[in-house]
Amino acid sequence: MVEHCYVLLFPESEAPITATNILRCVSAFNQNSAVNDETITYFSSVLYVLQALAEEKTGLRFLTPLDMVGVGGAALPANVWDDLVSQGVNLVSRSGSAECCFLLSSFRVFKTDRAWQYLRPESPYLEFEAQNDDSELFELIIAKGWLHMAKSNRPTGDFATGDLSNLILRLRMLGEFI
């Protein structure tokens, strides 16, 4: 049995990435997978693709039984998240950068934790540095040693992302306050 199987929809110029085309690919995969005992358990996309699938009944039937549905690249409107999670979609938001890959995600125990809106750190290499002003803002710093860091911008070898958050968000992201 195949442990991991990937269905990649690329390049878009050959077949536009629409809900209909994605569902056609899933259908073709499922027809072939009956022979090979393979199943799709994880789906990852950008915002517009997930929204297009969520608007289709067939798309929602595809998303609901999956172990995880990931979205990144833009913020999904809260009402769309709430609706998908309430219908049983195991939705995960990911946040990161080109310089460091994915850093934070909303991955959680889906059956007991519905708090999709809180990002959790993926690594001990993440630090939050207070700004030197009265703003109560913290900058996300990636410590030297993070495996996926493509560059550094500090003499220490760390990477200051420029991403700022307030203390409440920081505490929620660290799981200290929910």
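The values are calculated or read from the model by the stated rules, or taken from the named source; none is laboratory data. Being a predicted model, the structure only gives us computed values, none of them experimental. So basically every Cβ, Gly included, is an ideal-geometry build from the backbone, and we count neighbours across all protein chains shown.
Brief remarks on what is shown
Quick grid of which residues meet (1) modelled with pLDDT of 85 or more; (2) within 30 Å of Asp158 (Cα to Cα):
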| site | (1), (2) |
| --- | --- |
| Val46 | no, yes |
| Arg61 | yes, no |
| Ala78 | no, no |
| Ala98 | no, yes |
| Arg114 | no, no |
| Ser135 | no, yes |
| Phe138 | no, yes |
| Ile141 | yes, yes |
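- Residue selection: Ser106 fails the criterion of being in contact with a Gly (Cβ under 8 Å, 6 or more places away or on another chain) and either polar (S, T, N, Q) or free of Cβ contacts under 8 Å to residues at least 60 places away in the same chain (or both).
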